[in-house]
Amino acid sequence: TLQIPFPGHPATLTVKHNDAFLYALMTVQDDRPAGGIQCCSATIFFDNNHNGVRDPGEDAMGFGPGNQGSDQFFVVDAGTGLPIYRDDRLAGGTADTVNAGSYDAATGRLILEARKPLCSADDAHDFCVKAGDTLGFTVEYFSSAGTVSDYPTAPDDFAHFADLVISPSPAADLAVKS
C-alpha cells in the first residue's frame, strides 16, 4: 500500500496480484463527480522492462467510474511523429482492463478498482510479467475540479518511475467489485 500526496487529493494505492492478474485499488479524497462529465479517473503508466526509457509498447492502464477503463500502449505516431498512448484496440489489440468505481459520500472518497492480466495474449501492446519481475510505474489522477496530478513523477519521466515488484507469493482470491 502506497500513500500518494496528490495536491488537495490525498490517495492510497494498493496493488496486488494472483497468478493471472494485477489488481489496483485507489481511494482518493475528492468532491462528488458532477453528472454528465468524465472525471475522477486514474492512469497507471508502466515501464514494462523498467529500463528508465519510454520504449514503444510500454503499457498504461486507465480506470475510473462508469466506462472509463482503458488499455493503452506507447507508440510514436507514424503520421505526426509525436509520442502518444494509443488504445490497444485501435492497433489490433485487445482491451484487457476491467474496472469499477464508486463514490463514498460519507467519507468523501472516490474508490477506483482495476484488473489487468499479468500476461495477456496481446503481448505487442501489454506487459507480460511473472514473479520476480519489476515494472516501473507512475500514477496520474484527474480530479473532479479538472486538475491533473502525478506521483511520483510525470508519465514522460521514465527515469524516475517507482518500482512495482511482482512478488513470488501472490495474494489469493482477489476480484474487481462491480
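Structural remarks
- Scanning segment 136-153 turns up no residue that is open to solvent by 40 Å² or more (accessible area, probe 1.4 Å) and farther than 21 Å from Gly8 by Cβ.
- Check on Ala34, open to solvent by 50 Å² or more (accessible area, probe 1.4 Å) and small (Gly, Ala, Ser): yes
- Meets criteria (touching a Phe, Trp or Tyr at 6+ places or on another chain (Cβ under 8 Å), modelled with pLDDT of 95 or more and part of a strand (DSSP E or B)) for Pro10: no
- Close pairs (9 angstrom Cβ cut-off, 6 or more residues apart or separate chains): without any contact (Cβ under 8 Å) to a residue 60 or more places away in the chain in segment 4-27, aromatic (Phe, Trp, Tyr) anywhere: Thr14/Tyr23
- Segments classed as strands (runs of 3 or more DSSP E), wholly inside segment 53-163, with at least 2 members that are in contact (Cβ under 8 Å) with a residue 24 or more places away in the chain and under 29 Å from Gln29 (Cβ atoms): 59-63, 70-76, 98-104, 109-117, 134-142, 148-151
The values are calculated or read from the model by the stated rules, or taken from the named source; none is laboratory data. Computed from a predicted model, the values in this text were never measured in an experiment. All Cβ positions, even for glycine, are placed from backbone atoms using ideal geometry, and neighbour counts span all protein chains on display. When the accessible area is computed, the model is the full protein with side chains, heavy atoms only, and any ligands, DNA or RNA have been set aside. Shrake-Rupley method; radii C 1.70, N 1.55, O 1.52, S 1.80 Å.
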